[in-house]
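No value in this document is a laboratory result; all are computed from the given coordinates. A quick note: this is a predicted structure, and the numbers were derived from the prediction, not measured. Counting neighbours? That spans all protein chains shown, and the Cβs are built from the backbone with ideal geometry, glycine included.
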Amino acid sequence: MPGLVQSVERAAALLRLLAAEREPLGLNQICGALGIAKATAHGLLKTLIHVGFVEQHPESGKYRLAPDPLTPESVLWDVNEIRSRSMNWADALAARTGQTTRLAAFRGGHLLIVHHVFRTDSAPQTSTTGATLPLHATALGKVLLAHDVRASRSLGVKPLPAIAFRTITDRTALARELAQVRDLGWAAAIQELAPDAAAIAAPMRDEGGAVIAAIGIEGPLDDICTNRGAPRPELIEQVTRAAHSISHDFGHGRSL
């Protein structure tokens with residue numbers, strides 16, 4: 001059986017200490033109270049500030065617990081920031097693949113389209129930015145269902161509606177597909193939202209590894225899939241590469 005992780009124990013003790021004090025504490029006070037070296041305390045504080053659990057006063061340099069660090073609102077990235085920090089990658093993905101590209105996040109119990117990039121052809125198109133789409137019938141939604149407990153809970157217990165003839169409505173079948181999404185690192189929806197369309201999507205992660213949004217492409221069935229009906233490998237690579245690049249910009253995979 002694995003042992004306890006000392007750094008986590010120390011971080012928890014530091015948070016309890018700050019929560020118990022009405023006034024901000026200096027580094028020496030924290031070290032004295034916890035019996036740890038300055039370098040250790042400074043490293044813990046730097047990390048806790050980075051993840052939003054602790055604040056440092058700009059003038060006194062003292063530390064205090066951040067207000068409501070675990071409320072649902074505090075742990076969600078602002079959708080405007082998601083869009084602004086990701087749209088260049090989305091635009092580039094649309095240009096490389098020639099397909100409609102969307103960014104989406106789970107907000108208010110729905111799959112919310114944060115950014116929409118049009119296909120490169122001249123066919124009439126309508127922006128879906130700000131619109132909501134079904135979670136279970138879209139590749140973007142499957143990514144969020146696979147990684148976000150709040151999204152999966154939002155499906156409730158009612159029967160899943162059939163949007164198109166290949167929409168997955170059986171919850172057991174959907175659970176199997178979501179497990180595969182977690183294993184593969186990407187999701188597909190083939191003729192599930194519209195009979196002549198298919199989509200591929202991948203997760204966008206923050207510095208802690210949490211999935212904060214999804215990016216994906218959608219287009220005509222013949223453009224997205226091979227003649228055997230499977231997503232084209234080169235498109236999967238393009239989508240997952242864009243998702244990894246965005247995640248890196250959000251701090252995922254980078255050291256502090």
Rounded to 10°, Cα long-axis angle of helix 233-249 versus longest principal axis of the chain: 20 degrees
MRE, 222 nm, helices only [DSSP H, n ≥ 4, -39500 (n - 2.57), over the chain, to nearest 500]: -12500 deg cm²/dmol
Shape of region 6-65, Cα gyration tensor, a/c cut at 1.5: rounded
Dipole-positive endmost among P161, T100, S84 within region 79-250 (Cβ charges, Cα centre): P161
Given charges at beta-carbon only (K, R positive; D, E negative), |dipole| of the chain in Debye: 460 debye
Nearby lysines by direct alpha-carbon distance to K46 (threshold 26 angstrom, same-chain neighbours under 8 apart not counted): K38, K62
Relative pair counts by distance (%), Cα atoms of region 1-134, 10 Å bins: 10, 28, 19, 18, 17, 7, 1
Listed residues D196, D206, D91, most fluctuating in the chain (Gaussian network, C-alpha, under 10 Å): D196
Folded to 0 to 90 degrees: helix 79-97 orientation relative to the chain principal axis, Cα: 40 degrees
Top of F118, F53, F106 by mean-square fluctuation, Gaussian network on the chain, Cα under 10 Å: F53
Prolate/oblate/rounded call for the chain, Cα gyration tensor, a/c under 1.5 rounded: prolate
For the chain, built as a Gaussian network whose Cα springs stay under 10 Å, the top-fluctuating residue of I163, I215, I246: I163
Anchor K142: lysines whose Cα lies under 25 Å away (excluding residues fewer than 8 positions away in-chain): K158
